[in-house]
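The values are calculated or read from the model by the stated rules, or taken from the named source; none is laboratory data. Since the structure is predicted, the reported quantities are computational estimates derived from the model, not experimental observations. So basically every Cβ, Gly included, is an ideal-geometry build from the backbone, and we count neighbours across all protein chains shown.
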């Protein structure tokens with residue numbers, strides 16, 4: 001089961017689990033496609049959009065429920081393989 005957390009970048013979550021975008025948009029986190037999403041954490045982005053800690057936790061919980069039913073994208077799988085290969089060197 002995937003475990004999304006507050007410290008993960010928005011871009012990382014969106015890349016691995018594109019369906020998470022719908023949950024983020026529902027909570028008003030509209031920066032999923034902007035350049036800042038590549039490095040900004042879910043927590044920072046959500047706070048910049050006015051979400052409370054309680055709402056952030058609810059959003060992440062919903063994303064985790066969704067990702068537990070969703071397989072990572074092929075792109076994410078390839079990225080993991082490349083990362084493992086680099087570690088072996």
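Key figures
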read-out: Looking only at the range 37-47, and only at residues there that are in a helix (DSSP H, G or I) and in contact (Cβ under 8 Å) with a residue 12 or more places away in the chain, the one that is farthest from residue 81 (Cα to Cα); value: 46
read-out: Extreme residue, modelled with the highest pLDDT, among residues of the range 36-71 that are loosely packed, with under 15 Cβ neighbours inside 10 Å and closer than 17 Å to residue 18 by Cβ; value: 65
read-out: The one condition in (1) within 13 Å of residue 64 (Cβ to Cβ); (2) touching a strand residue (DSSP E or B) at 6+ places or on another chain (Cβ under 8 Å) that residue 39 fails to fulfil; value: (1)
read-out: Those residues of the range 1-32 which are touching a residue at least 40 places away in the same chain (Cβ under 8 Å) and not in a helix (DSSP H, G or I), in sequence order; value: 1, 2, 3, 4, 5, 6, 17, 18, 19
read-out: Answer from 80, 84, 75 - the residue that is modelled with pLDDT under 95 and within 22 Å of residue 24 (Cα to Cα); value: 75
